[in-house]
1. What about Gln3, is it out of contact with any Phe, Trp or Tyr (no Cβ under 9 Å at 6 or more places or on another chain) and either under 22 Å from Gly58 (Cα atoms) or surrounded by 16 or more Cβ atoms within 10 Å (Cβ to Cβ) (or both)?
2. If you go through segment 42-59 one residue at a time, how many are within 23 Å of Arg88 (Cα to Cα) and not β-branched (Val, Ile, Thr)?
3. What number goes with the only condition from (1) open to solvent by 80 Å² or more (accessible area, probe 1.4 Å); (2) free of Cβ contacts under 8 Å to residues at least 60 places away in the same chain that Glu87 does not pass?
4. From the list Ser44, Ser40, which residue is open to solvent by less than 90 Å² (accessible area, probe 1.4 Å), more than 15 Å from Trp2 (Cβ to Cβ) and of a type in the set (Gly, Ala, Ser)?
5. Tally time: how many residues in segment 61-78 are of a type in the set (S, T, N, Q) and surrounded by fewer than 18 Cβ atoms within 10 Å (Cβ to Cβ)?
6. Just the residues that are part of a loop (DSSP other than H, G, I, E, B) and among the polar types (S, T, N, Q), please, taken from segment 12-69.
7. Every residue in segment 94-113 that is at pLDDT 80 or above, crowded, with 16+ Cβ neighbours inside 10 Å and not polar (S, T, N, Q), please.
8. Could you please give the count of residues in segment 46-73 that are of a type in the set (Lys, Arg) and touching a residue at least 40 places away in the same chain (Cβ under 8 Å)?
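The values are calculated or read from the model by the stated rules, or taken from the named source; none is laboratory data. In this text the structure is predicted, and so the values were computed from the model without any measurement. Neighbour counts are summed over all protein chains in view; Cβ atoms, including those assigned to glycine, are modelled from backbone coordinates with ideal geometry. For accessibility, only protein heavy atoms count, side chains too; no ligands or nucleic acids. Shrake-Rupley method; radii C 1.70, N 1.55, O 1.52, S 1.80 Å.
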Amino acid sequence: MWQDLRTFIQYLSVERGLAPNTLESYERDLTLFIQFLEQSGIASLAEVDRRHITAYVGKLRQDGKANATISRSLVSIRNFCRFLVQERMIARDPSQQLEMPRQEKKLPKVLAMDEVERLLDAPR
């Protein structure tokens with residue numbers, strides 16, 4: 001699994017030309033995922049199915065990770081799985097049809113009444 005991760009990171013760097021920070025994010029997300037798989041008794045990426053990914057998302061939620069973090073991790077896992085299928089390292093993509101967590105929508109900040117008055121009183 002670790003060699004597959006190294007191959008994927010090299011592909012992202014050379015073929016896709018991703019920035020170093022992006023590569024670090026992919027590697028960090030996928031390292032945590034592979035560690036979870038190993039702790040779950042999974043020895044090969046070919047053994048991974050949707051249940052394992054869903055269980056990992058559950059662990060991230062249990063650990064208090066934000067939806068944005070979980071979404072980023074799922075994007076990393078999806079791209080990794082697609083790469084593995086494309087390179088014929090696994091037969092099927094276990095990440096297909098996974099739902100992404102809903103992003104929290106925050107209301108915009110509004111000006112206080114005195115701020116609006118000062119803005120209106122300001123010279124053009």
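1. no
2. 9
3. (2)
4. The conditions single out Ser40.
5. Residues that pass the stated criteria total 4.
6. Selection gives Ser40, Ser44.
7. Across segment 94-113, the qualifying residue is only Pro94.
8. Total meeting the criteria: 2.
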